[in-house]
1. Condition (residue is under 8 Å from the mean Cα position of the chain (by Cα), of a type in the set (D, E, K, R) and either closer than 28 Å to residue 106 by Cα or not assigned by TED's automatic domain parsing to the domain that holds residue 9 (or both)) applied to region 59-71: is it met by at least one residue?
2. Please verify whether residue 82 is surrounded by 11 or more Cβ atoms within 10 Å (Cβ to Cβ) and either in the same structural domain as residue 111 (by TED's automatic domain parsing) or modelled with pLDDT of 95 or more (or both), treating the condition exactly as stated.
3. Just to check your reading of the model, which residue among 28, 75, 46 is touching a Leu at 6+ places or on another chain (Cβ under 8 Å), loosely packed, with under 12 Cβ neighbours inside 10 Å and without any contact (Cβ under 8 Å) to a residue 40 or more places away in the chain?
4. Scan region 2-16 residue by residue and report those that are surrounded by fewer than 11 Cβ atoms within 10 Å (Cβ to Cβ) and either under 26 Å from residue 94 (Cα atoms) or among the small types (Gly, Ala, Ser) (or both).
Amino acid sequence: MEILLAVERLGGRLEPAGDNLRALLPADCSPELKAAIRQHKSDILDLFQARTDNLPPDCAPWLHVARHILTGEFDGADSSTIESLTIGFRGIRHSLCQQALIRLNARRATQ
């Protein structure tokens with residue numbers, strides 16, 4: 001959110017373009033801000049997705065975690081991590097988060 005606000009203060013704009021981020025930046029945009037945009041691209045895209053899906057901004061990071069779960073990156077997680085993630089996803093009514101919750105529940109059943 002801080003990056004989006006910094007870009008707006010400069011008169012620039014960031015917008016999602018599929019899996020990419022379109023940056024319309026003024027010529028005097030600092031290299032540090034450009035680096036921050038590149039470094040946090042997925043977080044910024046998640047924030048846009050959360051806005052589009054009418055989720056509160058604090059739910060945006062969960063979309064990122066859900067993608068990692070669905071690609072199997074949490075398959076080796078211990079039971080307490082799986083339980084914590086399950087609790088976190090229960091209150092988020094988003095299809096990506098619900099799919100991750102199903103995968104977590106299946107993982108819990110095999111432990």
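The values are calculated or read from the model by the stated rules, or taken from the named source; none is laboratory data. For clarity, every value in this text was computed on a predicted model and none was experimentally measured. FYI the Cβ positions are ideal-geometry reconstructions off the backbone, even for glycines, and counts take in every protein chain you see.
1. Checking region 59-71: not a single residue is under 8 Å from the mean Cα position of the chain (by Cα), of a type in the set (D, E, K, R) and either closer than 28 Å to residue 106 by Cα or not assigned by TED's automatic domain parsing to the domain that holds residue 9 (or both).
2. The answer is yes for residue 82.
3. Checking each option against the conditions leaves just 28.
4. Of everything in region 2-16, those that are surrounded by fewer than 11 Cβ atoms within 10 Å (Cβ to Cβ) and either under 26 Å from residue 94 (Cα atoms) or among the small types (Gly, Ala, Ser) (or both) turn out to be 2, 5.
Matching residues to (1) at pLDDT 90 or above; (2) in a loop (DSSP other than H, G, I, E, B); (3) in contact with a Lys or Arg (Cβ under 9 Å, 6 or more places away or on another chain); (4) among the charged types (D, E, K, R):
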residue	(1), (2), (3), (4)
3	yes, no, no, no
14	yes, no, yes, no
21	yes, no, yes, no
26	yes, yes, no, no
32	yes, no, no, yes
38	yes, no, no, yes
